[in-house]
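> Structure provided below as structure tokens; questions to follow.
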Amino acid sequence: MEVNEAARKYTYEDYLNRDDDERFELIDGVIYMMALPTQAHQEALGECYLQIASYLKGKACKVLMAPFGVRLNAKTGDNTILEPDLLIVYDQEKLDGKSCNGAPDMVAEILSPSTSKKDRTIKFNKYLEAGVRELWFVDTDSKTVTACILKDNEYIIRPYDDTQVMPVHVLDGCFINLKEVFAD
């Protein structure tokens, strides 16, 4: 797919017709290319997924990892599809086998220098507007997680570091050992 036409707005159909080798997010019709993840990114993502998936075994809730598209406002037909690194979905009717159509209950974004600003601003606002109940920013460099918990249409910010065990607020009784997430 040609992505260097600055003035062009892309559609969800363009996203569906992309080359399989291209990874990008579409936000309000604008394409944001995605960089290849680092080893630290993949290890942190894998450990978060492992701990949550172990907790969810036998429960009617799904945890998924990127690449997996999320259409926060699928019913309105907007031209936004995001790929959070991790998502938790209670309402499995939102899942069509290719993407999540509607707001997940929780998303995690593992930060990288090339995506941090977009994740913390544009995507933060998209998740807030859509009503995502819990949002994490995982920083492998500082070994911290910033949890944003939705309350009264605002995010309450709670910082955690690698010495702590943090709750997954949307999963009662689920905790993540951050020492293991950020293990060397």
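Readers should treat all values here as calculations from the given coordinates under stated rules, not as data from a laboratory. All figures in this text were calculated on a predicted structure; none of them were measured in a lab. Using ideal geometry, Cβ is built from the backbone for each residue, glycine included, and neighbour counts are taken over all protein chains shown.
> Can you tell me which residues in the stretch 30-57 are among the hydrophobic types (A, V, I, L, M, F, W, C) and over 17 Å from residue 107 (Cβ atoms)?
Answer for the stretch 30-57, where residues must be among the hydrophobic types (A, V, I, L, M, F, W, C) and over 17 Å from residue 107 (Cβ atoms): 30, 31, 33, 35, 36, 40, 50.
> Can we say residue 60 is part of a loop (DSSP other than H, G, I, E, B), touching a residue at least 12 places away in the same chain (Cβ under 8 Å) and farther than 18 Å from residue 106 by Cβ?
No, not satisfied.
> For the stretch 107-138, how many residues meet the condition of being over 21 Å from residue 39 (Cα atoms) and hydroxyl-bearing (Ser, Thr, Tyr)?
The total comes to 2.
> Quick one: what pairs do we get from the stretch 106-126, first residue within 11 Å of residue 146 (Cβ to Cβ), second among the hydroxyl-bearing types (Ser, Thr, Tyr) and surrounded by fewer than 23 Cβ atoms within 10 Å (Cβ to Cβ), C-beta under 9 Å, 6+ apart or different chains?
109/115; 109/116; 111/140; 119/112; 120/146; 124/155
> If you take the residues in the stretch 133-149 that are among the aliphatic types (A, V, I, L, M) and surrounded by 19 or more Cβ atoms within 10 Å (Cβ to Cβ), which one is nearest to residue 116 (Cα to Cα)?
That would be 138.
> Please list, ordered by first then second residue, the pairs with beta carbon atoms under 6 Å, 6 or more apart or interchain, first in the stretch 158-184 and touching a residue at least 24 places away in the same chain (Cβ under 8 Å) and more than 17 Å from residue 53 (Cβ to Cβ), second buried (at least 18 other Cβ atoms within 10 Å of the Cβ) and of a type in the set (Asp, Glu).
Within 6 Å, the pairs are 169/134.
> I'd like the full set of residues that are part of a loop (DSSP other than H, G, I, E, B) and more than 16 Å from residue 106 (Cβ to Cβ), limited to the stretch 134-184.
Within the stretch 134-184, the subset part of a loop (DSSP other than H, G, I, E, B) is 140-143, 152-153, 162-164, 168-174, 182-184.
Listed by number, the residues that qualify are 140, 141, 142, 143, 152, 153, 162, 163, 164, 182, 183, 184.
> Starting from residues that are small (Gly, Ala, Ser) and surrounded by 15 or more Cβ atoms within 10 Å (Cβ to Cβ), keep the ones in the stretch 30-52 and report whichever is farthest from residue 86 (Cα to Cα).
40
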